[in-house]
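Structure first, commentary second.
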Amino acid sequence: MGELTFAYPEFLYLLFLLVPLGAWFVWRDRDSHASVSLSSLRAFGGSRMGIRFYLRYFLLLVRLALVAVLIIILARPQSTNRWENVTTEGIDIIIALDISSSMLAQDLQPNRLDASKDVAIEFISGRAYDRMGLVVYSGESFTQCPLTTDHAVLINLFQDIESGMIEDGTAIGMGLATSVARLKDSRAMSKVVILLTDGVNNMGSIAPVTAAEIASSFGIRVYTIGVGTNGMAPVPVQTPYGKRIQNVQVEIDEDVLVRIADITGGKYFRATDNQKLLEIYQEIDAMEKSKIDVKEYSKKQEEYMSFGLLALVLLLTEIIGRYLIVRSVP
């Protein structure tokens, strides 16, 4: 146990009650002895106090010690001299996720959108000290979650994402511009956007390259990920007879995605299956490591257990002494 402090030190004022409490026990005990009226004590001049007399006062001290220990437990003792040096690696990251209807293609399992969500959630869980946020886009874009260190909230919002939440289409420039708006005022040492799409920019008032130039002006690095196999991909399509799976040509504007990455100092990746997508996030995770503040802080540890055991020992001593030993002493 190190230097002892208390979470509720005001309870320690109760220790002042031990003096009047002890006096009350002594006063109450004075009338508990049998008495005999004698004309003289000369005959008892050489007698000594018996062991019962000393045992009773010893048990009184035990009882007062028990009360004192219980008061200390109420004050919640803690050890505070345990110091740790912690180096964290943190940056600000926005994940910009395409949620257009084509993300329901089943060339990744169970589909592109769910595979992207699962891998992104794993990525978030592995970066405890980063502020992270989420932007979703299709025909338009909006911020699903601003930058936060509360990753549990972010993961819950990730899980709620569905295709069809907003107008269909692929507004890559708008998705990137919204992400930049969330990062431009950040004071982090490193600001990153992970932009994932499976299509070609066909909507929005901001061109992808223009959004990339804006990102570069704010020192924001963009990693672009094209999701989808080469060639054809099975896509659920609405027909007069319900949804049917049809093979559709995969079209990803890789030239634009490469240019976005080049302008901002990032990198372009192509994910053709679940494993490749996982490896891409692992590679980004390895590249984006920035040492930040070394923090020294006090780590408190509860120390009530030892006092609780002491209280138990004192209670058992008082019970055994009062009901077994004192009663048996002649």
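Please treat every number below as a calculation from the coordinates, not as lab data. Computed from a predicted model, the values in this text were never measured in an experiment. We place every Cβ from the backbone using ideal geometry, glycine too, and count neighbours over all the protein chains shown.
Points to keep in mind about this one:
- Long-range amide H partners of Ile206 with built H, under 5 Å: Met174
- Loop-resident chymotrypsin sites (Phe, Trp or Tyr not before Pro) (DSSP state other than H, G, I, E or B) in segment 230-269 with no more than 11 further Cβ atoms inside 10 Å of their Cβ: Tyr241.
- Positive contributions from Lys and Arg (+1) and negative ones from Asp and Glu (-1), summed over other residues with Cβ under 11 Å from the Cβ of Asp273, come out at +1.
- Sequence of Tyr223, Tyr304, Tyr281 once ranked by neighbouring C-beta atoms within 10 Å, starting from the fewest: Tyr304, Tyr281, Tyr223
- Restriction of the trypsin sites (Lys or Arg not before Pro) in segment 127-217 to DSSP coil positions whose beta-carbon has at most 12 other beta-carbons within 10 angstrom yields Arg187.
- For Thr148, distant residues with modelled amide H under 5 Å away: Met132, Gly133
- For Val248, the residues 5 or more places off, or on other chains, whose built amide H falls under 5 Å of its own are Ala233, Val235.
- Difference of contour (0.36 nm per residue) and Cα-Cα distance, Tyr323 to Leu309: 2.9 nm
- Glu279, Glu288 arranged by Cβ crowding within 10 Å, fewest neighbours leading: Glu279, Glu288
- Shape class of segment 82-221 from the Cα gyration tensor (axes a ≥ b ≥ c, square roots of the eigenvalues): oblate, since a/c reaches 1.5 or more and a/b does not exceed b/c.
- Integer Hz, Karplus 6.51/-1.76/1.60 couplings in order for segment 15-25, x for Gly and Pro: 5, 5, 6, 5, 5, x, 5, x, 5, 5, 4
- Bridge orientation summary for segment 87-293: considering DSSP beta bridges with both residues in this region, about 35 percent are antiparallel.
- Ranked by the mean number of other Cβ atoms within 10 Å of their residues, highest first, the peptides 203-215, 139-151, 4-16 come out as 203-215, 139-151, 4-16.
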